[in-house]
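Chemist: Below is one structure. I have some questions about it.
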Amino acid sequence: MFNNISKIWLTINILGIWMIINPLAAYSKDRMSAIPTVTFSDTKHLTVNNVIKYTGQIYAIAMSIQLPDKALFVSSKTQTKPVLQPQNGDAGLLEFIWITPPKSPFNLIYTVNHEKATGDIQSKIIYRRKGGTVFCYLKPVMLNTDVNR
C-alpha cells in the first residue's frame, strides 16, 4: 500500500513540476508578429493583408477577427487553406484555424464590406507552443477614417 501511495505522490509531484516549468517554454526566445496592411478598394470594401511571421515550432494557429456592427465578411485568401474559415456574409467574430500551421512567413488576406459599419476591426492570433497557448494582438483596423489610408 505504501509503495502505491508513494508512486502516486511522486507522479503528482512530477506532473506539478512539469506544469510549472513547461508553460515557460511558451515565453522563450521564439516570437510571433503579424502586421496588417489595409487597402480601401472603394467606399464599401476594404482588404486587410496580414503578414504573419514566427520563429520556432508551433503546433496550431488561429486568427480571430472581431468585426464591428454592420460589417460583413466578403472573402479571404491564404497560401494554406485553414480547416475552419468564415463564409461570405458572416458578421461578428470570424475565425480562421489551422491544425497544421502554414510555414512562416504567410499571408492571410481578407475583404470586408464596411459600408454601414463604424468602429474598429480587432484581431488576435492564438497559437500553441510546447507547453502553452500564446496570444499575439494586432494593431486595430480603423474604419471610415483616413488613419489606414
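Chemist: Can you name the condition, by its number, that SER76 falls short on among (1) assigned to a loop (DSSP other than H, G, I, E, B); (2) of a type outside the set (Asp, Glu); (3) more than 14 Å from the chain's Cα centre (by Cα); (4) on the phi < 0 side of the Ramachandran plot?
Modeler: So SER76 meets the others, but not (1).
Chemist: Would you check which residues across the stretch 115-133 are farther than 17 Å from VAL74 by Cα and surrounded by 20 or more Cβ atoms within 10 Å (Cβ to Cβ) and list them?
Modeler: ILE125, TYR127, ARG129
Chemist: Of the residues in the stretch 70-94, how many are of a type in the set (Asp, Glu) and at pLDDT below 95?
Modeler: Result for the stretch 70-94: 0.
Chemist: Moving to a separate point now. For the stretch 88-149, which strands (runs of 3 or more DSSP E) that fit wholly inside it have 3 or more residues that are over 18 Å from THR39 (Cα atoms)?
Modeler: Where strands (runs of 3 or more DSSP E) fall fully within the stretch 88-149 and carry at least 3 residues being over 18 Å from THR39 (Cα atoms), they are 93-98, 120-129, 132-137.
Chemist: Restricting to the stretch 108-125, name every residue that is hydrophobic (A, V, I, L, M, F, W, C), closer than 10 Å to LEU67 by Cβ and under 17 Å from the mean Cα position of the chain (by Cα). Quick ask: steps written out before the conclusion?
Modeler: Initial filter on the stretch 108-125 (hydrophobic (A, V, I, L, M, F, W, C)): 108-109, 112, 117, 121, 125.
Retained after the next criterion (residues that are closer than 10 Å to LEU67 by Cβ): 112, 117, 121.
Answer for the stretch 108-125, where residues must be hydrophobic (A, V, I, L, M, F, W, C), closer than 10 Å to LEU67 by Cβ and under 17 Å from the mean Cα position of the chain (by Cα): just ILE121.
Chemist: So which residues in the stretch 14-51 are modelled with pLDDT of 80 or more and either assigned to a helix (DSSP H, G or I) or among the hydroxyl-bearing types (Ser, Thr, Tyr) (or both), if there are any at all?
Modeler: SER33, THR37, THR39, SER41, THR43, THR47
Chemist: Scan the stretch 62-73 for residues that are closer than 21 Å to MET142 by Cβ and in a strand (DSSP E or B) and jot them down.
Modeler: MET63, SER64, ILE65, GLN66, LEU72, PHE73
The values are calculated or read from the model by the stated rules, or taken from the named source; none is laboratory data. Fair warning: this is a prediction, and the values are worked out from it, not measured in the lab. Positions of Cβ are generated from backbone atoms using ideal geometry, with glycine treated the same way; all protein chains shown enter the neighbour counts.
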